[in-house]
Structures are given as C-alpha cells and as structure tokens.
1. For Ala139, which of the numbered conditions (1) at pLDDT below 95; (2) assigned to a helix (DSSP H, G or I) fails to hold?
2. Could you tell me how many of the residues in the range 205-220 are buried (at least 21 other Cβ atoms within 10 Å of the Cβ) and aliphatic (A, V, I, L, M)?
3. Tell me, which strands (runs of 3 or more DSSP E) lie completely within the range 1-104 with 2 or more residues that are at pLDDT 90 or above and not polar (S, T, N, Q)?
4. I want to confirm something. Restricting to the range 49-66 and keeping residues that are of a type outside the set (A, V, I, L, M, F, W, C), without any contact (Cβ under 8 Å) to a residue 60 or more places away in the chain and more than 22 Å from Thr217 (Cβ to Cβ), which single residue is surrounded by the most Cβ atoms within 10 Å (Cβ to Cβ)?
5. Return the only residue of Arg235, Arg174, Arg182 being crowded, with 19+ Cβ neighbours inside 10 Å, at pLDDT 95 or above and among the basic types (Lys, Arg).
6. For a quick check of your reading of the model, give me the residue pairs whose first member lies in the range 25-48 and is within 18 Å of Ser159 (Cα to Cα), whose second is of a type in the set (Phe, Trp, Tyr) and assigned to a loop (DSSP other than H, G, I, E, B), with beta-carbon atoms closer than 7 Å and at least 6 apart or on different chains.
7. If you scan the range 71-89, which residues turn out to be hydrophobic (A, V, I, L, M, F, W, C) and surrounded by 15 or more Cβ atoms within 10 Å (Cβ to Cβ)?
8. Please state which one of Val138, Val105, Val87 is touching a Cys at 6+ places or on another chain (Cβ under 9 Å) and among the β-branched types (Val, Ile, Thr).
Amino acid sequence: MTALASLKRRLRPRSWLKAASTGIAVRLGLLRRIRPLRRDFGIGRGTPIDRHYIEGFLERHRADIRGAVLEAGGYVNYTRRFGGGQVARAEVLYPKPGFADGTLVGNLATGEGIPEGAFDCLVLTQVFPFIYDLQGAVASCKRALRPGGVLLVTVPGISQICGYDREHWGDYWRFTRQSLERLLGDTFGGENVAVEAHGNVFAACAFLHGLTAEDLTATELAHHDDAFQLTIAGRAVNSP
C-alpha cells in the first residue's frame, strides 16, 4: 500500500464501513454510539415501540376485557381503555400499598391477597420480568380467574433494563415466544394458550435507542422477523 493510499484509508470517515465479504458499504450514522439517544423507552416523546405492539394485541382481544377485570398497575390503565362498557368491576393490583390508583394489594408469586375465582380477565403488561417465581405467578393467575376467564399477558424479548423496576421489585427475565408459550402451557394447558411475537431488527434497534412508534413507518413496525422478538404476547384461557 502506497503512503497516499494509507493516508486516504486513515482519513476515510469512520461512519462508513465496508464489509470485505459482501462489499456492502454501511453508513452507521447515529448507530455509532455507545449510549442510547434516550433512556426512558421513548416515554417522554411519544408511544414506546413495545407499547405499540402491546396496545395492538389488547385491541385485537378487547372482547376478553369484560366483567370483573384485574390489571397490574404501572404504565397505564388499559382496562377502561379497551374494555369500556364491558367492564363491571375494575381492580388495579400493586405488590405494596401507597399507589394512588391501586385498589388491591397482593403478591402474584404467592397469590397472597388475590381473591380466587374472582375475575373474568387479568391484564398483565410487562409484569412477569419483575417476578422471580414465574411458575408461582402463572399459577396465581389461573386461581384468580373464573372458569372461562382469560389472562392477557405481554413480556419483553429485546429490551433494556428498567431501572425503576429493578430498584423496587427486581428485574429478572427476558423472554422468547417459546418460553412464554411453555410457561403458560404448563399451567393452563397448551391447547388453551396462544402466543405471538412482534418486532424486527430495525424496530429493536430503534426501541433500544429510545425512539418511538411515531418515528417509524407503519410498514417498519408491522414487519416481523422471528429472530428479533421485541415484544411477546400471550392469551391463556382458564378452561372449565
């Protein structure tokens, strides 16, 4: 290599890479950073990308959100939003007192404080990662449901750690479609469980950087690549 060629190589913008095996030029741009653009999942700017998938799942299953509904408190109350007039009684669960919107204090891992056979629907969005005893939590969910009642649950696949939840309850798990399917199936029976995954490599990268659903196009959000499962959602029926 001549001295001039060596100099040009060193001066080439670092935002461009060229894979020797493919010859594809890649402009990394904002990806060439070791810190995310935001650390709040995009909450301060718009709809977090995982919540786009969660809300789509609940929209498709709004008929299940009826009667007596128990929802784990946190990001937003989905019971009224998607259940509407179908909901006769809405409870908001927290593991300890002191939350303004909480109506029930209970331990999902043990079932303590959660009435048995009292609910037609349980809505648990992004709750399981913060419960160490997952099998115990799923068993508690089944006990809390009336015959024919439905558990609607979502969990993260690809996600950053949630600092608030790690500090208050612990942050233990990330999931795949297979792991949630098996977790629910072991208690509810595989024939009573349906699990779906959402996401792709671009949606996952955008989510990790704290971008929002509004930053992506509908096509970019809708594309699914099973190798990049950003959000996993499951429906389990308490068969009589």
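1. (1)
2. 3
3. The strands (runs of 3 or more DSSP E) meeting that bar are 67-72, 87-94.
4. Arg66
5. Arg235
6. Pairs found: Pro48/Phe41.
7. Ala72, Phe82, Val87
8. Val87
The values are calculated or read from the model by the stated rules, or taken from the named source; none is laboratory data. Keep in mind that what you see is a predicted model, and the values were worked out from it rather than measured. Please note: Cβ atoms are built from the backbone with ideal geometry, for glycine as well, and neighbour counts cover all protein chains shown.
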